[in-house]
Number of protein chains: 4
Amino acid sequence: MSEKIRFIQGNEACVEGALYAGIEFFAGYPITPSTEIAEHLSQRLPERGGKFIQMEDEIASMCAIIGASLTGRKVMTATSGPGFSLKQEAIGYACMTEIPCVIANVQRGGPSTGNPTHVSQGDVNQARWGTHGDHSIIALTASNHQDIFNITIDAFNLAETYRTPVILLLDESIGHLREKLTIPEKGKIQIVDRLRTSLGKGVDYHPYLPREDGRLPMSDFGGEHRYNVTGLFHDMWGFPSNKPEVVYDLLRHINDKIESDVNAITRYKEHFIDDAEYIFISYGSSARSAIHLAKERRTKGERIGVLELQSIWPFPKELIREKCANAKAVLVVEMNMGQVMAQVKAAVHKPDKVFLANRIDGKLITPADINKLLRVIQGRGV
Amino acid sequence: MSEKIRFIQGNEACVEGALYAGIEFFAGYPITPSTEIAEHLSQRLPERGGKFIQMEDEIASMCAIIGASLTGRKVMTATSGPGFSLKQEAIGYACMTEIPCVIANVQRGGPSTGNPTHVSQGDVNQARWGTHGDHSIIALTASNHQDIFNITIDAFNLAETYRTPVILLLDESIGHLREKLTIPEKGKIQIVDRLRTSLGKGVDYHPYLPREDGRLPMSDFGGEHRYNVTGLFHDMWGFPSNKPEVVYDLLRHINDKIESDVNAITRYKEHFIDDAEYIFISYGSSARSAIHLAKERRTKGERIGVLELQSIWPFPKELIREKCANAKAVLVVEMNMGQVMAQVKAAVHKPDKVFLANRIDGKLITPADINKLLRVIQGRGV
Amino acid sequence: MSEKIRFIQGNEACVEGALYAGIEFFAGYPITPSTEIAEHLSQRLPERGGKFIQMEDEIASMCAIIGASLTGRKVMTATSGPGFSLKQEAIGYACMTEIPCVIANVQRGGPSTGNPTHVSQGDVNQARWGTHGDHSIIALTASNHQDIFNITIDAFNLAETYRTPVILLLDESIGHLREKLTIPEKGKIQIVDRLRTSLGKGVDYHPYLPREDGRLPMSDFGGEHRYNVTGLFHDMWGFPSNKPEVVYDLLRHINDKIESDVNAITRYKEHFIDDAEYIFISYGSSARSAIHLAKERRTKGERIGVLELQSIWPFPKELIREKCANAKAVLVVEMNMGQVMAQVKAAVHKPDKVFLANRIDGKLITPADINKLLRVIQGRGV
Amino acid sequence: MSEKIRFIQGNEACVEGALYAGIEFFAGYPITPSTEIAEHLSQRLPERGGKFIQMEDEIASMCAIIGASLTGRKVMTATSGPGFSLKQEAIGYACMTEIPCVIANVQRGGPSTGNPTHVSQGDVNQARWGTHGDHSIIALTASNHQDIFNITIDAFNLAETYRTPVILLLDESIGHLREKLTIPEKGKIQIVDRLRTSLGKGVDYHPYLPREDGRLPMSDFGGEHRYNVTGLFHDMWGFPSNKPEVVYDLLRHINDKIESDVNAITRYKEHFIDDAEYIFISYGSSARSAIHLAKERRTKGERIGVLELQSIWPFPKELIREKCANAKAVLVVEMNMGQVMAQVKAAVHKPDKVFLANRIDGKLITPADINKLLRVIQGRGV
């Protein structure tokens, strides 16, 4: 497979990334604005021997990919707001049982059925806290198609590396926008494959005992090893336990494997940050407007920079504290009521210097919108 | 009905509160450690002409109470972690459609099926962010049976006042503990009943247009008025709309009606706060240990106070900033990885003075546990 | 003697250090966990013409080495908690009479007979204040066998240099642990031998008059010079005096010769201190856990450093103030109730940033223990 | 017994206090400047049916009073510096076994045999840290004979209340000074008698299990109950244990019973503190000079106050922080190298405002000495 250039929607870029990463199984239920992901995979997956199933609903879809992953397949599902809410219980199950899987949520306006074909970034906190109980999660995002492609590959890689569900937090504008994507030839981007145990058949296998490097080798379920899977707290064999030390250790493990490795997981891009007096922090389609404005104001000599987040969870607190250390003000540009903004406030030394530049009416935030808010913050009025 | 004294479990105190508040309909699916709520209501509700239905699952239970509420009934469901996750999509629907209902979540250890009969307070953030899209929520809690009784009544009252789902965030220890409850005679505690429109039949009714006092009169669905109900963004009649100004106004409305009234909604108790050098902030069963320790250390002359939260969402930021202004350190005592702690950090002037005194292994945090952590924080070691 | 490699216990590493330093006389009474020091010396000393005596008790042992030192021999005794208490009166005598000697205290849990074969670092303050009256002391420690070897040589060297008792504060875990020791060939490490007066026989010798460089030449007792020895305050000949100026000068001298030379006496190691946000200060076996944790967290990008003290008394106040100047927090990792921690608090600019990460139940503090306390201090809970 | 007035030495005032408190047994070995305590008790104790024994040395004396106390008697010993060092091992035994006893240390100049008939306050830290292992201690002191009488009674009362050794830290000047003492009639001052268990013979008695009020009822050893006594860590029956939780609990208990009750144990006197710009903190004979100077300077309008400590251990940290909150400078007046001064520095908000006004040459510090140091501190030169 040599390099290919295509002109496609963001959702399709996600499909290309999944295929490059080695997806073998997709189960889903259509919902705007994510449907193109299912649509394209329904064609592309069978072509290469993979399986595509349209399930009866979102819950079933989530459960299907969990089961398929256990048998050794790389898996994904895709949905939007209401479907993402329905999947929460099973996402928690995947966290607890440490089953690699990728869930794309192409965000639209919520809550509830909300504002179907209009953009929003309102599910950021739900991606983190949608299921019950302390757990951790990885959530990635991107603002252009090349990055969607890359970040989708990252999602599969991280799911395998950390044995965890990974959320792709896309949004309607980026999902439906068409632009150029260059698909590199095979081998150009590293793929992390399932780490399988090297233990022989019949040997005592510990599916929940991390190796020294932190990784947990898996065994294809139904295969050579005895392998217990339960949503209950469990020991290294997977046997249920409510011993306080077992509960503590597992809870810390499923959180720490991600939170402690935040530096390795964090993905971001810098745009003119070095000498920036004003820093925009943004992600997804809103980052396009932030970058556009920063470029424009630079031509006027204003020292504006953009820190574009490509991973939101685990939240890159240290990164943000460092990058914003010398900024006069930090504007979080997002299309919700300040979900990432609250995290940025908690991260920086001076929370009072953090402002929210947002739009919540289903329209893409524009460079002009941001500029207006910047002026106000600078004391110059709209 | 004259005053009655009973010696019961916390879950039953919740039932008594619901009955006192006028519950007429309960739908649920049993799950430890919430089951006693359903169990007792299955007997008590029919006795007074109410309806009890055990549904096929948690989603159906949530949908059933939404429908029943629309017809003019006071409604509740009860569940625990996994069931609470399953209900998230429908809770978002109730937020968007502004339908009064009460959802009790008697927390157990999570994520997933987790640690069924062991205590946790790990669903605090899920109560706030479990469903997709920006929305607001009311969540109440209590640390003893008299307060569970009162706060359950509050939950029904607030649901009606703000036309919103209200979460009762109980926990296993408080739910299963037996202690005294005094049920006051009828009329002693004020009950907020459904505000019905005074418009006559056939008059143009605007189910989503707030009165001057902010309240939105309802009409029993299927009754005299035309009344559209949709999870989509909608205008004052309930017709779907994606006009930016309609989307903006409704999103602000369903958030502001709660967030702007935080002072009226906030419930809390103070224990020796006035001169406290160290303040414990706690809630639910962990507050019992915090209060116990504070009392004990007071006898040794240590100036420790407890701010016991009985409402967690909307978060009482101003209250906490004020109460903690002079504290040397603030310890948030909770049984999770710091969910309320993060809110407290965001609220106070000096986030560095906020610490987490927690336990996450399924065992109730004890006064001795807190004392040990207090010692560490004071630099005195274990 | 060429380089030798051995795999031995810490107590034996101490023996090897003493032999390398030139020990000629040992008197002691066995007590766990120090007994291996006596055991090995009972064999090794006679082999090279030295003397080993097991005395009737700990007091006699201390008195015996004082007497032997006076006759010009390099001497040591070894004991643990209760024995160390018994030796205090005679240690004060050695301070006052300025007689070089080395006392190893392999610490176990106290007070009293306490927790015989379990580790503790609870005698740090006793090493400083165990005998009555203002005096100063040198106390050294180490966390691995190579360092025990080196620091034992240092102990003998410092005892001779400053004419003072030197305490070796080892602990049970390090004393009983087996690991590799490389014994360098003779001459590789500098040995400080007894400084004898160059005055001829019959010349007026001043045993308590320091030379310009501060050192006080000795004469072998019973030899060529008149040499008075008394525990009373005394003049330069050793004659008792209660003249205020004599008392003042001697008291200042026996304190200042050590306290004023703290920089020359201080021994420590740095591990990743340069950019550290969190600094662990530790010593002895607990330092092993601190270093282990720091290394581990470094791989996660956390900027943790360890300042490992190898001398505790005189306390290296300036060193600690400097090294901790930019730290967010300083955790003193020790197995007692905060004895070194109190010194660190007194040393640094911001005592509120100093915390105690300790364990006091006879079990070695582990990296996981420290990590948990670090989390609590960071406000992140257990 | 009606009120009596006598003109006596401080050591005799201590004897009168001990007799008033109900001493029944004294064992000791004579040492200047404490000998008058033994001397007078050798006459007075037998007169009232008590026992006086001169033992062969200081260690035996300490062991004798421990044994006598176990049999139900109120006991004391008295010594000075070198004898106090010798007693340290057995004092630790009394801490660990929780045996009430009083040890008077009439301080003279140290270290070692030091400066026998000259004053010092150099054993303050030894009283706290003289025996090995973390433990706590109560140490009282006084500056005049009425207070010596009272504080000696307190010493016996506190020993019984907390089942602990109590140190009386007197000094040569106050011990040998003669002044008036008024001995109140019996019943005027409350006496705390041995709390004996109310359990019947043969009932399972837990000698180390505190009652709800924190006190531990005793049984006369050799009497009706099985009663194990060991210097090893032990459980509630007194059986040795090295279980970490037993070790932790006992170590915390023997420390906390004293440290946590610091407010109840603290004894002090205020002299003109309220509006003081300069505060002297002192104790024992040096406090006499401090008070004298303060009175004198008050007549010149200088706002000087004295905080006279009558209990040094547990150190009254909170008291000192509060009292010194508004002082321009704090001068610790003592006759050592700053042992209490270091504690004061650790207690106050601004350690830089704490100075040491001391004398260490065996002469009593005078008002003129203190005044000179005060001038220097005020920038006015000597």
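From C:D193, C:D171, grab the single residue that is touching a residue at least 40 places away in the same chain (Cβ under 8 Å) and in contact with a Gly (Cβ under 6 Å, 6 or more places away or on another chain). First the steps, then the outcome.
Working: C:D193 fails: in contact with a Gly (Cβ under 6 Å, 6 or more places away or on another chain).
Checking each option against the conditions leaves just C:D171.
Restricting attention to segment C:358-382, the residues being aliphatic (A, V, I, L, M), under 16 Å from C:E334 (Cβ atoms) and surrounded by 20 or more Cβ atoms within 10 Å (Cβ to Cβ) number 6.
If you filter segment B:294-312 down to residues that are closer than 21 Å to B:Q146 by Cβ and assigned to a helix (DSSP H, G or I), you find that the one that is farthest from the chain's Cα centre (by Cα) is B:K295.
Scanning segment C:108-124 for residues that are facing chain D (nearest Cβ under 8 Å) and under 14 Å from C:Y283 (Cα atoms) turns up C:S120, C:G122, C:D123. Looking at segment D:313-333, which of the residues that are farther than 23 Å from C:R128 by Cβ and in a helix (DSSP H, G or I) is farthest from the other protein chains (Cβ to nearest Cβ)? Filtering first and then ranking leaves D:K323.
One residue alone among C:I137, C:I148 is more than 7 Å from chain D (Cβ to nearest Cβ) and within 23 Å of C:G214 (Cα to Cα), and that residue is C:I137.
Table: residues versus (1) within 17 Å of B:P165 (Cβ to Cβ); (2) within 18 Å of the chain's Cα centre (by Cα); (3) charged (D, E, K, R).
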{"residue": "B:F26", "(1), (2), (3)": "yes, yes, no"}
{"residue": "B:R48", "(1), (2), (3)": "no, no, yes"}
{"residue": "B:I59", "(1), (2), (3)": "yes, no, no"}
{"residue": "B:C63", "(1), (2), (3)": "yes, no, no"}
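Looking only at residues of segment A:89-107 that are of a type in the set (A, V, I, L, M, F, W, C) and at the interface with chain B (Cβ under 8 Å from one of its Cβ atoms), we find that the one that is farthest from A:E172 (Cα to Cα) is A:M96. Do the conditions hold for A:A78, that is, is it in a strand (DSSP E or B) and under 25 Å from B:Q126 (Cβ atoms)? Yes.
Listed here are the residues, each with its yes/no results for (1) more than 14 Å from chain C (Cβ to nearest Cβ); (2) over 23 Å from the mean Cα position of the chain (by Cα).
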| residue | (1), (2) |
| --- | --- |
| D:M335 | no, no |
| D:Q343 | no, no |
| D:A347 | no, no |
| D:K350 | no, yes |
| D:I360 | no, no |
| D:I377 | yes, yes |
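Residue-level check: of (1) surrounded by 16 or more Cβ atoms within 10 Å (Cβ to Cβ); (2) not in a helix (DSSP H, G or I), A:K257 misses just (2). Among the residues of segment B:334-382, write down those that are modelled with pLDDT of 95 or more, of a type in the set (V, I, T) and part of a loop (DSSP other than H, G, I, E, B). Those that are modelled with pLDDT of 95 or more, of a type in the set (V, I, T) and part of a loop (DSSP other than H, G, I, E, B): B:V348, B:I360, B:I365, B:T366.
Within the option set D:V229, D:V246, being in contact with a His (Cβ under 8 Å, 6 or more places away or on another chain), within 14 Å of chain C (Cβ to nearest Cβ), aliphatic (A, V, I, L, M) and crowded, with 16+ Cβ neighbours inside 10 Å holds for one residue only, D:V246.
Filtering segment C:303-312 for residues that are surrounded by fewer than 24 Cβ atoms within 10 Å (Cβ to Cβ) and either over 17 Å from C:A290 (Cβ atoms) or within 14 Å of chain B (Cβ to nearest Cβ) (or both) leaves an empty set.
Do we have B:F355 as more than 11 Å from chain C (Cβ to nearest Cβ), of a type outside the set (D, E) and either surrounded by 24 or more Cβ atoms within 10 Å (Cβ to Cβ) or within 23 Å of the chain's Cα centre (by Cα) (or both) here? Answer is no for this residue. Scanning segment B:365-381 for residues that are touching a helix residue (DSSP H, G or I) at 6+ places or on another chain (Cβ under 6 Å) and among the β-branched types (V, I, T) turns up B:I365, B:T366, B:I370, B:V376.
Taking segment D:57-88 as the range and being away from every other protein chain (no Cβ under 14 Å) and β-branched (V, I, T) as the test, the residues that pass are D:I65, D:T71, D:V75, D:T77.
Applying the criterion of being basic (K, R) and surrounded by fewer than 16 Cβ atoms within 10 Å (Cβ to Cβ) to the residues of segment C:260-302, the residue that is nearest to the other protein chains (Cβ to nearest Cβ) is C:K300.
Tallying residues that are outside any helix (DSSP H, G or I) and either over 16 Å from C:K257 (Cβ atoms) or touching a strand residue (DSSP E or B) at 6+ places or on another chain (Cβ under 8 Å) (or both) within segment C:91-115 yields 17.
Residues in segment C:138-175 that are touching a Cys at 6+ places or on another chain (Cβ under 8 Å), among the polar types (S, T, N, Q) and part of a helix (DSSP H, G or I): C:T152 alone. Quick check on segment A:56-64. Is at least one of its residues assigned to a helix (DSSP H, G or I), among the acidic types (D, E) and at negative phi? Yes: one or more hits. I want to confirm something. Restricting to segment C:66-95 and keeping residues that are among the aliphatic types (A, V, I, L, M) and under 18 Å from the mean Cα position of the chain (by Cα), which single residue is surrounded by the fewest Cβ atoms within 10 Å (Cβ to Cβ)? Selected residue: C:I66.
Cβ-Cβ distances below 6 Å connect the following pairs, each with a first residue in segment B:226-255 that is on the phi < 0 side of the Ramachandran plot and without any contact (Cβ under 8 Å) to a residue 24 or more places away in the chain, a second residue that is part of a loop (DSSP other than H, G, I, E, B) and among the acidic types (D, E), and a separation of six or more residues or different chains: B:S241/B:D235; B:P244/A:D361; B:V246/B:D235; B:V247/A:D361; B:Y248/A:D361. Taken over segment B:178-211, the criterion of being crowded, with 18+ Cβ neighbours inside 10 Å and within 30 Å of B:T117 (Cα to Cα) is satisfied by B:L181, B:I183.
Pairs meeting the criteria (first residue in segment A:77-92 and of a type in the set (K, R), second residue modelled with pLDDT of 95 or more, beta carbons under 6 Å, at least 6 apart or on different chains) are A:K87/A:E58; A:K87/A:M62. Determine whether C:G214 is within 14 Å of chain D (Cβ to nearest Cβ), assigned to a loop (DSSP other than H, G, I, E, B) and of a type in the set (G, A, S). For C:G214, the condition - within 14 Å of chain D (Cβ to nearest Cβ), assigned to a loop (DSSP other than H, G, I, E, B) and of a type in the set (G, A, S) - is not met. Close contacts from segment A:128-151, counting a first residue that is without any contact (Cβ under 8 Å) to a residue 60 or more places away in the chain and a second that is among the aliphatic types (A, V, I, L, M) and not in a loop (DSSP other than H, G, I, E, B), with Cβ to Cβ under 8 Å and a gap of 6+ residues or different chains, come to A:G130/A:I91; A:T131/A:I91. Candidates A:E270, A:E302: the one that is of a type in the set (D, E, K, R), under 27 Å from A:R178 (Cβ atoms) and touching a strand residue (DSSP E or B) at 6+ places or on another chain (Cβ under 9 Å) is A:E270. Does A:A27 fit the bill of being in a helix (DSSP H, G or I) and either small (G, A, S) or surrounded by fewer than 24 Cβ atoms within 10 Å (Cβ to Cβ) (or both)? Spelling it out, it is not the case that A:A27 is in a helix (DSSP H, G or I) and either small (G, A, S) or surrounded by fewer than 24 Cβ atoms within 10 Å (Cβ to Cβ) (or both).
The values are calculated or read from the model by the stated rules, or taken from the named source; none is laboratory data. Because the structure is a prediction, the values reported are computed rather than measured. Reconstructed Cβ throughout: ideal geometry from the backbone, glycine too, with neighbour counts over all protein chains shown.
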